[in-house]
Each structure stands twice: as structure tokens, then as C-alpha cells.
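Below you'll find the structure, written out as C-alpha cells, and then a few comments.
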Amino acid sequence: MEMGFYGAAGGVTGSCHFLAAAGKKILVDCGMFQGEHNIDEENRAEFGFDPGEIDVLLLTHAHLDHCGRIPLLVKRGFRGEIITTAATRELTRLVLLDAAGLAAEEARRAARYRQRRGEEPEAPLYEITDVLDSMDRFGRLASYGEALTVAPGITATFGDAGHILGSAWILVEAREGGKSKRILYSGDLGNRGKPIINAATPAPAADVVVMETTYGDRLHKAVGPSVEELRDAILATLERDGNAIIPTFALERAQDLLYYLRELTEKRELPANLPVFLDSPMAISATEIFRRHPECFNAETRQDFASGRDPFALRNLHFTRETSESMGINQIKGGAVIMAGSGMATGGRVTHHLKHNLWRSDSSVIFVGYAAQGTLARRIIDGAKKVRLFGEEISVNAQIHTIGGFSAHADHDELLAWYGAQQPEQTFLVHGEDNGRQGIARVLEGRGLQVHLPVIGDRYPL
């Protein structure tokens, strides 16, 4: 048996883990690299393995950094089966179609620049037809807690990771040459106290653990104070007659925020008629998908839906699907909450709203999620005085807020709580920058455990 790491090994995007066992070759996730430095080049690069030799892809969840290169994998020869949960399959289709649309738009924009320089245009990373081809590779659906035979000698059990709708950790049990191994992949683990889905179920005992460490070096604020901080930031913005711009991840974060904003308006802690714009076609569609998967909800949310109460419905909520509607929001000079993607401000509609509001001292930008190195969000959070948007230098005069308690990722203590007191033979720490991985490595090594911090391309015998 052998493991390999081809993404999210020394960083937080591009998750892609390889396993050779029982005569089969398996991938866990096949995500897109995100950020700004040579990212297109990284995503276009060879995988480090032959896609045509992969038998099965096990998908932990539908975030782009875990599923975003699946169409490219299929385009380059993958003909195996993709196994995931029902909710993840639906959300993945949505995410990949959106990514293909954005890639086509970016390719058209880049083609104009290349044409003016006398260069040949470059095709997008993949197109909508590639996404549709990749959806044909999705086969059996996994249910939480049920062992599924992946291939002779290999089973996979999906457990609730509590990260986003349908997210899972995956336990792979493989038998080869009279020996067996239990290999546990955490996927992305959720922050406790989220309002819609269940918390992650604890890790089962395993011989090998591959665990994410996004926030391995820090603790989150509690959810309650974070909601209060969100309320106060919005109220202060309203007092200045500005707009509150919230770069928002379309999956889970947008729905969580709608939930909290509804509660705050119902309690009169925010104006009952506060105009809230969800300016994200993907987030709007994701909210509809949420309603179709009550099996992923916690007891309170299931009860809300069963009683006919929509936990996402605000009195003055506006869904803006059309581009013309999105552009119309820019005519609003103050008094609105505008939620738009992407969460790291690497593209999408939020960049237009930042262009129109970032230079205004009466407005606010409220970051409610992780911002990877190299992203526009991280530069703003780190105190940039000016940023470049659509070829224009924009001054950063708006009030900047960073609220950590809304993170969909487990923090240092929650990661260790999920890991528990087990004593695996080896632990591989992935999906984290150096500080995050070291924050967990120090603790596990203090227990006498063997810990690895792989980089892309590393392979390890089991």
C-alpha cells in the first residue's frame, strides 16, 4: 500500500490524496488551487499521476478546493466511479457549472488582452460540457455510517464532518497481502455550534490518519459573540449611512448568515426591514438544495422546516440572479447589507461591490471566513492601503471587520477533539499553512505519535 499527496500539502487549496491498495488506485478529492500566484498554471499542470489509472474517486464535499479539478481529471482520461453523499453530488454539480462559467468568462477577457499583444488565445481550464461529462462519472451514493464496498478488499465509510451540507470524513479499510489498514481522511471538519447542520461525529480508530489543519494554530471566537459582532458592525455602518459588504462563500456560509440575520431582525436587534441582498446565483441555488436535504440538518432546523418556518427567510431579502440586478445594487449608496461571492474575493460579483464601496469611509467590509495567502481578501485584512480591481487602483478607506467565529472549519481544540485519544501508526497533516500544521504537530508529537507534514508529490509506503 502507498499514499501520495498532490494538493493541499503545505497549503489550504487543491486537496488531492492518492491511495494504492488491494490492486486499486483511489483518489480522495480532486480540488482546485486558489489564490493569485501562478494559480492558473498550477491548475493546468499535470496531476502527478495518470488519471486514466484511477479506479475510484471518493469526494468529501463540494467546496471548489476539493472538487474543482474533477472535470479536468475526466477530460484527461479518468473513467472510474465517483462516490459521495447525495447532498454533495447536487452541490458539486452547482459548483462546477459555476466554475466553468467563470472560467469561460475569464478566458474571453484574457483573449482580448492576448489578441492586442498578438498572442493566441488560451482555452479555459474546462467547459460546461466537461462538467456534464464529469457528472456522468458519479455513481453510488454514500450514507453516513454505512460501509460501502468500493472494490474487492476495499470498503469506505462516510461519516458526518459537520463542515457543509453533505460533507464527510471517510474511513477506507483495505486488505492486501493478508494485512489490513484502516485509513481515515478527515476532509474538512466543521466548527461546532453551527446553526443548520450537525457537528462532526468523532473520528473512528484508524491505523493512518490524514487530517486537515486550516486553523490548527488558533481558536475561534464563540458563535454568540461573533453574531453580536456582526450585528454591531452592521449597525455602525447603518449609522454612517454606508453599505455593509460581506464576501460570502455560497455553500453554508451564505445560509448561516441568512439564518443569523433573520434571527437578529426578528429580535429587533437589527431593523426589521433591513435590505439584505444575496447577490450570488450559486448561493441562491445552494439554498434551494439545502431545502431538499433535511437528512443533513440538526434537530432544530428539521423542526423549523417541518413546521413550515423557513430559517433563511428575511422580510426584506432580495435574491439577485441576473447580472442587471447585480449592477443595480451599485446604485444603492447606503443602508444595505450586500452578500456576494467569492468569500476570498478572488473573483465573482463581490469584486464589483468592493470596487464601488471599498474607497468609501462610510461603508464596511465584513470578512466572515478564511482568507488564504495571496487572495484579495487576505491583502485587505492584512492592511493594504490600496488594491487593484479591474485595472484600477482602489483606496481601502472602508471599515474592515474580520469575524472568526463563523468559520466552517474546526479550530485547534476542535481538531484535537475530533482526533481523540487514538494512537495511529502515522498521522499526515494536510490542508493547512505552516503555522496551522505545526500547531497540531506539536501536540501529537508530544504524545509520541509519528507525524508527517507532506508536500506536493510526496509518497509514503504504508
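The values are calculated or read from the model by the stated rules, or taken from the named source; none is laboratory data. Remember, it's a predicted structure, so these values are computed and weren't measured experimentally. Positions of Cβ are backbone-derived with ideal geometry, glycine not excepted, and every protein chain shown enters the neighbour counts. Only protein heavy atoms, including side chains, enter the accessible area calculation; ligands, DNA and RNA are left aside. Shrake-Rupley method; radii C 1.70, N 1.55, O 1.52, S 1.80 Å.
Tell me, yes or no, whether the stretch 452-461 has at least one residue that is under 19 Å from Gly187 (Cα atoms), in a loop (DSSP other than H, G, I, E, B), among the acidic types (Asp, Glu) and modelled with pLDDT of 95 or more.
yes
Before we move on, is Arg218 basic (Lys, Arg), surrounded by fewer than 22 Cβ atoms within 10 Å (Cβ to Cβ) and at pLDDT 95 or above?
no
Quick one: Thr84 ticks every box in (1) modelled with pLDDT under 80; (2) touching a helix residue (DSSP H, G or I) at 6+ places or on another chain (Cβ under 8 Å) bar one, so which box is it?
The number of the failed condition is (1).
For the stretch 129-136, check the following and say yes or no: at least one residue is assigned to a loop (DSSP other than H, G, I, E, B) and among the polar types (S, T, N, Q).
Taking every residue of the stretch 129-136 in turn, none turns out to be assigned to a loop (DSSP other than H, G, I, E, B) and among the polar types (S, T, N, Q).
Are any residues in the stretch 219-264 in a helix (DSSP H, G or I), more than 21 Å from the chain's Cα centre (by Cα) and acidic (Asp, Glu), and if so, which ones?
Result: Glu228, Glu229, Asp232, Glu239, Glu263.
From the set of residues in the stretch 198-214 that are open to solvent by less than 20 Å² (accessible area, probe 1.4 Å) and either modelled with pLDDT under 95 or of a type outside the set (A, V, I, L, M) (or both), which is nearest to Ser15 (Cα to Cα)?
The selected residue is Glu212.
Name the single residue, out of those in the stretch 414-462 being among the polar types (S, T, N, Q) and closer than 26 Å to Arg192 by Cβ, that is surrounded by the most Cβ atoms within 10 Å (Cβ to Cβ).
Thr427
Please go through (1) under 18 Å from the mean Cα position of the chain (by Cα); (2) open to solvent by 10 Å² or more (accessible area, probe 1.4 Å) for Arg268 and return the number of the only condition it doesn't satisfy.
That leaves (1) as the condition not met.
Taking Arg309, is it without any contact (Cβ under 8 Å) to a residue 12 or more places away in the chain, of a type outside the set (Gly, Ala, Ser) and open to solvent by 40 Å² or more (accessible area, probe 1.4 Å)?
yes
Look at Ala283 and say whether it is buried (at least 22 other Cβ atoms within 10 Å of the Cβ), modelled with pLDDT under 95, outside any loop (DSSP other than H, G, I, E, B) and not acidic (Asp, Glu).
Judged against the criteria, Ala283 is a match.
Scan Leu184, Leu102, Leu96 and give me the residue that is open to solvent by 10 Å² or more (accessible area, probe 1.4 Å) and in contact (Cβ under 8 Å) with a residue 24 or more places away in the chain.
Just a single option satisfies the conditions, and that option is Leu102.
For the subset of the stretch 167-197 comprising residues that are small (Gly, Ala, Ser) and within 17 Å of Thr60 (Cβ to Cβ), which member is modelled with the lowest pLDDT?
Gly190
Inside the stretch 144-185, can you point out the residues that are among the polar types (S, T, N, Q) and either closer than 18 Å to Phe428 by Cβ or outside any loop (DSSP other than H, G, I, E, B) (or both)?
Within the stretch 144-185, Thr149, Thr155, Thr157, Ser180 qualify.
If you scan the stretch 48-84, which residues turn out to be small (Gly, Ala, Ser) and closer than 15 Å to Asp98 by Cβ?
Hits for the stretch 48-84 are Ala62, Gly68.
When you look at Gly35, is it outside any helix (DSSP H, G or I), small (Gly, Ala, Ser), under 29 Å from Gly153 (Cβ atoms) and out of contact with any strand residue (DSSP E or B) (no Cβ under 6 Å at 6 or more places or on another chain), yes or no?
no
Tell me which residues, restricted to the stretch 107-139, are more than 19 Å from Thr84 (Cβ to Cβ), surrounded by 13 or more Cβ atoms within 10 Å (Cβ to Cβ) and without any contact (Cβ under 8 Å) to a residue 12 or more places away in the chain.
Those that are more than 19 Å from Thr84 (Cβ to Cβ), surrounded by 13 or more Cβ atoms within 10 Å (Cβ to Cβ) and without any contact (Cβ under 8 Å) to a residue 12 or more places away in the chain: Ala111, Arg114.
Consider Asp40 against the criteria (1) modelled with pLDDT of 95 or more; (2) acidic (Asp, Glu); (3) more than 18 Å from the chain's Cα centre (by Cα): it satisfies all of them except one. Which criterion is unmet?
(1)
Applying the selection to the stretch 286-306, what residues are within 30 Å of Ala345 (Cβ to Cβ), in a helix (DSSP H, G or I) and not acidic (Asp, Glu)?
Once the filter is applied, which keeps residues that are within 30 Å of Ala345 (Cβ to Cβ), in a helix (DSSP H, G or I) and not acidic (Asp, Glu), the stretch 286-306 yields Ala286, Thr287, Ile289, Phe290, Arg291, Cys296, Thr301.
With respect to Thr248, is the statement that it is in contact (Cβ under 8 Å) with a residue 40 or more places away in the chain, of a type in the set (S, T, N, Q) and within 21 Å of Gly343 (Cα to Cα) true?
Here the answer is yes, as Thr248 does meet what is asked.
Does the stretch 146-190 hold any residues that are closer than 21 Å to Asp65 by Cβ, in contact with a strand residue (DSSP E or B) (Cβ under 7 Å, 6 or more places away or on another chain) and of a type in the set (S, T, N, Q), and which are they?
The one that is closer than 21 Å to Asp65 by Cβ, in contact with a strand residue (DSSP E or B) (Cβ under 7 Å, 6 or more places away or on another chain) and of a type in the set (S, T, N, Q): Ser186.
So Ala20 passes all but one of these: (1) open to solvent by 20 Å² or more (accessible area, probe 1.4 Å); (2) among the aliphatic types (A, V, I, L, M); (3) not in a strand (DSSP E or B). Which condition number does it fail?
Exception for Ala20: condition (3).
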